[in-house]
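Scroll down for the structure; my scribbles are underneath it.
Just so you know, all these numbers are worked out from the coordinates, no wet-lab data involved. Fair warning: this is a prediction, and the values are worked out from it, not measured in the lab. As a convention, Cβ positions derive from the backbone with ideal geometry for all residues, glycine included, and neighbour counts pool all protein chains shown.
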Amino acid sequence: MASTPVRASPARRAASASTSGARFRALRRHYTVTETLSEGGNSTVYRAVRCGTTGASDVLGEEVAIKIVSKSGLNEASRTALAREVVVLRQLASDANSLRYLEVLEDVQHVYLVMELLVGGDLLSALTHRRSAFSAPDALRVVREVFCSLSALHDRGIAHRDVKLENVMFADADHSVVKLIDFGLCHRRRPGGDLHARQPCGTAAYSPPQIVMRAPYVPEEGDSWSVGVVLYALLCRRLPFGSASPADGGSAMEALGRRIVEASPTLHGGVWDQIPFAVKELVSALLSKTGADRPSAREAIEMIDEILVGLDDEVEEVTHEALDLLAGAQSLMHALTGSRKSASPTRRSEH
C-alpha cells in the first residue's frame, strides 16, 4: 500500500506587535513576548521571557512558552478541553517525559497557560529536515520516551488521544529529551467506570480503526496505535495509511478511513529491507486492527528495551568481527613484509 510522505510544519516567526498591546495586560505584567511559536484554532503559542514575579516562580529572565487562548472563541467543548489540559498538566508535574506546567493567568479576554519552553522543535520538523529517516535504534529511543509519558498518563486513568509527530517535542537542541504535549483531547476514566470511550477525536491519519468506524474503543489502545503511526513515519518518512483532513473533502477522508480499516502498512521493499525484523514486528503489533492485540505502553517499553539490547549485541558482534578481520589483515601484512625483507639480496660492505 502506498504511504504518504510527512510534511513540515509552518515556520516560526517573530511575535506580532499585537502581543504588546493593552489587550494582553495580565500577561505583560509578568512576561515579555518575543516570538510566535505556533498557531492553531483558537490559540497561539508564544515564546516569552519572565520579567516579573508571580506565585509560580521568581526566576527573572526565565524563558517560557505561553499558550494564549481567546475566550471569545471558546464554546462549551473547547472550554472543557482547556480545563482538562490544565488539570492533566498539573497531575503530570513530576513526570519527566511530560510538558512542565508553570501557571495559568487570566483576564477578561484571554487565558494564558504558561509552560516550560521546549527549544528542540517537534518531531515532524525534525523528521522533515533530515536527509534520511531515523535509524531503527534512534526511532525506538524516541518512541520509548513517548511510551514512558503515556504510561504515566495511563496509570492515572488518562489517555492522550492525539499522539502525532507534531505533539512530540524535543526539550533541548541536542534532541536528548523527548516530551509529549497538547493534552486538550485527553480522556479521563472515572474510577470503576467503563473502559471504553465513544467520542471520536484525534487526528485522522493517526486514528485507529475503531474511531474510524465510530465504534466504542479503549483510549489507551488508541494511543498505542498512534505511536505505531509515529514509529512507522520515523523509520521511513511516510505515514502508513496516508493523510487527509476535513478540508480535503469527504471523499478523501473516506478513502483514508478505508485504508486504515482494511489495508496493511507496507513493511517490505526499500528502506524496510534494512530494518531489523524485530522492529517490524513491533510496528505490526502497534498497528494491529484489533485494539486488544496492541501492546500497552508498559509492554511496548519492555519490547523496545529487548529489541535495543538485541541491536546492541548485533553491533558488538559485528564490531568484534571487524576487529578480527583487521587483526588478520595486519598479521598478513607483517608476514608479507617480513618475507620480502628475507628475500631481498644482502649487500656486502666494501673495504
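At-a-glance table
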read-out: Label-zone membership for the stretch 296-311, site Asp155, 7 angstrom Cα→C-beta point, backbone N under 15 Å; value: 297-302
read-out: Residue order, fewest to most beta carbons within 10 Å, for Met213, Met303; value: Met213, Met303
read-out: For the stretch 48-122: relative contact order, % (alpha-carbon pairs under 8 angstrom, 6 or more apart); value: 33 percent
read-out: Equivalent-ellipsoid semi-axes of the stretch 144-295, from the Cα gyration tensor, Å, largest first; value: 23, 21, 16
read-out: Surface/4 of the Cα convex hull for the stretch 49-152, nm²; value: 8.9 nm²
read-out: Lysines with Cα under 27 Å of Lys164, excluding same-chain neighbours fewer than 8 positions away; value: Lys67, Lys71, Lys179, Lys280, Lys289
read-out: Over the stretch 135-177: Kirkwood hydrodynamic radius from C-alpha pairwise inverse distances, Å; value: 11.4 Å
read-out: Fewest-first ranking of Phe170, Phe241, using other Cβ atoms within 10 Å as the exposure measure; value: Phe170, Phe241
read-out: Relative exposure of Glu76, Glu63, Glu166, judged by other C-beta atoms within 10 Å (fewest first); value: Glu76, Glu63, Glu166
